[in-house]
């Protein structure tokens, strides 16, 4: 009797890269928007963020979450861009269940970036639960819990963390229209 052959395990879905530059990367996995600030926060990056949120909302039946990280090389955005980030979160409050933000690094720069994340939370006036974490894994786990509390489906935390890592390795890809 021939040995039984198991079918291959289904491939894990890869994240969709919406845009990746030297300054930032935005992408999605189902109804999860993932982003990394690499250097500068730009007005264009916030337009890409809004487009990513809209696409994830369509994919997720109306509920989504936002998970981001500031890499060690990220620069603190100016006050107008920080205010625009808060407005972006508030604009999407109906669909956005949670916003998790992680920072990498140690020292003054990391503390400054962390303070921006906390400031965004204060400026968004609680429209969306927004928390700052020391790791992307902790942030993703918290946001998935918030999604489950809201009765919204989303990928498992491990799958999201792996997609996040893949997204951050994406080479530069820019698209017209943002």
Between residue 165 and residue 22, the FRET efficiency computed from the C-beta separation at R0 = 25 Å comes out, to the nearest 0.05, as 0.85
Output for region 16-168 (equivalent-ellipsoid semi-axes, sqrt of 5λ from the C-alpha gyration tensor, Å, descending) is 21, 16, 15
Note to self: C-alpha centroids of region 149-165 and region 35-81 sit apart, in Å, by 17 Å
Restricted to region 16-168, the DSSP antiparallel beta bridge percent, nearest 5, is 35 percent
Residue separation between residue 141 and residue 58 times 0.36 nm, minus their alpha-carbon distance, gives in nm 27.6 nm
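Bear in mind that the values in this text are calculations on the coordinates, not laboratory data. Owing to the predicted nature of the structure, the values given are computational and were not obtained by experimental measurement. Please note: Cβ atoms are built from the backbone with ideal geometry, for glycine as well, and neighbour counts cover all protein chains shown.
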